[in-house]
Amino acid sequence: GTNSFSGSGYGYLRNKELNSEDFLSARQGLPKAQFDREQWGGSLGGPIVQSKTFFFTAVDRSTQNTPFNNSITSQNAAIIGLPSADVGNINQYLNDTFSMAKLTHIVNGNNTLTASYAMTYDVISNFATAFATQSRQGLWHSIDNTFLVQWTRVAHEGNWLHDLKVAYLPRNFYNTDRDLGGAPLTPDGQLRSSLAPSVNITNIANFGGGYDLLDMYTKPVQATYSSTIFK
């Protein structure tokens, strides 16, 4: 909401060279697990029409790979027939994107109109359970959108404030099992087609499992009006 352009930018980085090896992996004789995290973003705002119409935009992106030690030993994996990819450090990841844009228009000294949009998109591989293999890894997708229009009016010589907001907030969330792993029940990449059963061997390994899908799509609409009187 200013008559000059301004913005910002940033970036952060971490990787396995900045981490020490976790205790369990060291006891198992495993190499230091891969770890990466990157986050970057920026913003920009300024006038479209001087003293009348303004814009503001921002974006933030983060990606992270985080290994999780599932406590499965190579000896037990060999007995069961699990591949080496199911032993020790199994990678998890998170991808997150946020973006927004806002447009503000000053109709006159007492009336202001604002329109904005925001979006968050997450992709998460959920895995962090002991003795679980790749075949037990799920994949979550979450897409949130927000569309908002706002009208603000100042009346009665500045003593009465009217505020009206109308928003549409669709959300799509779904979770699927990843089609990874499968041995010794089925070849890699055939978990879904074979509908392999789930096998749990207490404190040894949990593997297998067929395909399932959780899908939720909501489309709420909200309208709020508030009135504030100053005395």
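The values are calculated or read from the model by the stated rules, or taken from the named source; none is laboratory data. What you are looking at is a predicted structure, and each value in this text was computed from that prediction instead of being measured. Don't worry about glycine lacking a Cβ; one is built from the backbone with ideal geometry, like all the others, and counts go over all protein chains shown. Each accessible area value is taken on the protein alone, full model and side chains, heavy atoms only, with ligands, DNA and RNA left out. Shrake-Rupley method; radii C 1.70, N 1.55, O 1.52, S 1.80 Å.
Things to note:
- From the list GLY1, GLY46, the lone residue that is surrounded by 11 or more Cβ atoms within 10 Å (Cβ to Cβ), small (Gly, Ala, Ser) and at pLDDT 90 or above is GLY46.
- Of all residues making up region 179-205, the number that are open to solvent by less than 50 Å² (accessible area, probe 1.4 Å), of a type outside the set (A, V, I, L, M, F, W, C) and touching a Ser or Thr at 6+ places or on another chain (Cβ under 7 Å): 3
- Considering the conditions (1) open to solvent by 30 Å² or more (accessible area, probe 1.4 Å); (2) under 25 Å from ARG27 (Cβ atoms); (3) in a strand (DSSP E or B), ASP96 is excluded by exactly one of them, (2).
- Total residues in region 159-171, condition open to solvent by 40 Å² or more (accessible area, probe 1.4 Å) and more than 11 Å from ALA115 (Cα to Cα): 7
- Filter pass, SER71 being in a strand (DSSP E or B), open to solvent by less than 50 Å² (accessible area, probe 1.4 Å) and either basic (Lys, Arg) or more than 14 Å from SER125 (Cβ to Cβ) (or both): no
- Verdict on SER135 being open to solvent by less than 50 Å² (accessible area, probe 1.4 Å) and either within 30 Å of GLY81 (Cβ to Cβ) or hydrophobic (A, V, I, L, M, F, W, C) (or both): yes
- For region 21-43, residues that are open to solvent by less than 70 Å² (accessible area, probe 1.4 Å) and assigned to a strand (DSSP E or B) total 6.
- Strands (runs of 3 or more DSSP E) within region 165-231 that include 2 or more residues modelled with pLDDT under 90: 171-177, 213-218
- Taking the criterion of being of a type outside the set (Phe, Trp, Tyr), at pLDDT below 85 and assigned to a loop (DSSP other than H, G, I, E, B), the residues of region 124-147 that qualify are ALA128, THR129, GLN137.
- Filtered by the rule that a residue be in contact (Cβ under 8 Å) with a residue 40 or more places away in the chain and under 27 Å from ILE90 (Cα atoms), region 1-32 gives ASP22, LEU24, SER25, GLN28, LEU30.
- Criterion (out of contact with any His (no Cβ under 9 Å at 6 or more places or on another chain) and at pLDDT below 85) met by exactly one of PRO83, PRO67: PRO67
- Any hit, region 139-146, residues being hydroxyl-bearing (Ser, Thr, Tyr), over 19 Å from the mean Cα position of the chain (by Cα) and open to solvent by less than 60 Å² (accessible area, probe 1.4 Å): no
- Residue within region 69-91 that is under 27 Å from TYR217 (Cα atoms) and not small (Gly, Ala, Ser) present: no
- Residues located in region 131-156, provided they are hydroxyl-bearing (Ser, Thr, Tyr) and in contact (Cβ under 8 Å) with a residue 60 or more places away in the chain: THR133, SER135
- Residue in region 122-129 that is open to solvent by 50 Å² or more (accessible area, probe 1.4 Å), closer than 22 Å to LYS16 by Cα and small (Gly, Ala, Ser) present: yes
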